[in-house]
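Bear in mind these aren't lab numbers, they're just calculated from the coordinates by the rules spelled out. All figures in this text were calculated on a predicted structure; none of them were measured in a lab. Here the Cβ positions follow ideal geometry from the backbone for every residue, glycine too, while neighbour counts run over all protein chains shown.
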């Protein structure tokens, strides 16, 4: 029996939730990202795959999405939240720390890719405005997919990870101006591109002024008031009000909804409420973005793609080649060596999710016709499907080149080239403890450089993507080459007690003001490390004993708060012994 009336949207919502809760996680077990999972789910459950057979098999209506247009408002909310969270991430301090790579490699990549793709589109018959929009849309890469791949492989803080992040940051900065430009081109289709660019630049300058004024005089006091008198529910309310309100304001000014959300994120990102907003909105963003990517999959007309297969495949090949070359050159000039640039090129050659947002806006405004948008969307979607495979190929090739260079006695990057590092963490010893510490620090974007005296371990850990070098951290010259003079923190996890003390002594002699965390075997070793100059000492025997004692007390039925108090008291007593002795 067919689903009718108001029950259609409820049935479609149920289908989407099943896709989000079952199909997408199942695809993730096959190492397919959530973004691609939603795209594939939308494609399979939409009108152009299973939906084509509903008339012949009516039961399929219960497992397909019948009214894709009904999901459009929710999909737009997902884009708003994506841009809002993007604004939260783009702090001025973060941009400044990566300024050379962001504005050098990122700027060159975006400009050159857009120019080459746009000119090619113009010569094959697109209008000037349409070619410009298509070039800008395809110049962007997938922040969601690339950063997820790097995060899963724990390589965000590696040279490749930082290079990719820098390029993606520049691309993310350009999203809002591109959407502004698309809006102006739609509003004044007969006007010149130069005038539209000028208008976009003026509006962007005005937006920056508004950000500064609102951030200084309104937003922070309002959030502080809510934090003082309200709970988490009221905090969520004001976050949502900020996103939706800013979006409505920019829409009323003739700009895009997405721009308002982006500006709101930048505003809140400069306050102390940034992390709370990220945590509170993450579930909403994930689900609503899932709706957006699902609707993108729903709109992929495989029949139209098949009818234009030659154009789509040739366009896909051209896109990958053009962006690969441009990214490699840009990264090589501004961000790193050959292997870093090569791996970054594989990661960033495919298109990204913002291509769909930009094309949807341009199509709605009449800048790009529907047929062209269908072909370009197919090229962008297929390239995104290839991103994980491209990333794997790039990683294997980079590892192979590094191994070959090491076998020939040529290090692809020596410690001599790392003395200009600042604010990073130096870890001496990358065994199980060192790697565990590195994984935790990397989740917060901390830059890590590790040293280890075991050549075999260095080889294996480098293959995992960590920035580790063979070297004895008890030698001051090795520490200097590791950028110790400007490091924010030193961590010593070496197994050998004598060598660990020597490492602490070397670091303390090099830097009187250094913060040094050291792992001790027991209290006696902890006393030696403190005498050598360690700032904080953690005896692993004590911590293991406390963990086991706590579990024993829990098994005896002792309340958790009492267990915590007992362990805290014992920990304080043991650590006090280290200080006294």
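Numbers for the structure displayed
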item: Order of 442, 343 - criterion: other Cβ atoms within 10 Å of each residue's Cβ, fewest first; result: 442, 343
item: Length-normalised contact order for the range 415-580 - Cα pairs under 8 Å, 6+ apart - percent; result: 19 percent
item: Calculated FRET efficiency for the pair residue 123/residue 432, C-beta based, R₀ 45 Å, to 0.05; result: 0.20
item: Volume in Å³ per residue [convex hull over Cα atoms, computed for the range 415-580]; result: 128 Å³
item: Mean shadow area of the range 513-581 over all directions, Cα convex hull, nm²; result: 4.8 nm²
item: Most to least packed among 479-487, 38-46 [average Cβ atoms within 10 Å]; result: 38-46, 479-487
item: Order of 9, 306, 466 under a 10 Å beta carbon neighbour criterion, fewest first; result: 306, 9, 466
item: Distance from the range 51-71 to the range 459-479 (C-alpha centre basis), Å; result: 57 Å
item: Surface/4 of the Cα convex hull for the range 463-560, nm²; result: 8.6 nm²
item: Potential lengthening between residue 248 and residue 206 on full extension [0.36 nm per residue; Cα-Cα distance subtracted]; result: 13.5 nm
item: Projected area, mean over directions - the range 239-374, Cα convex hull, nm²; result: 11.3 nm²
item: Cα centroid separation, the range 33-47 to the range 521-561 (Å); result: 49 Å
item: Cα Rg, Dmax, the range 7-63, angstrom units; result: 11.9, 35
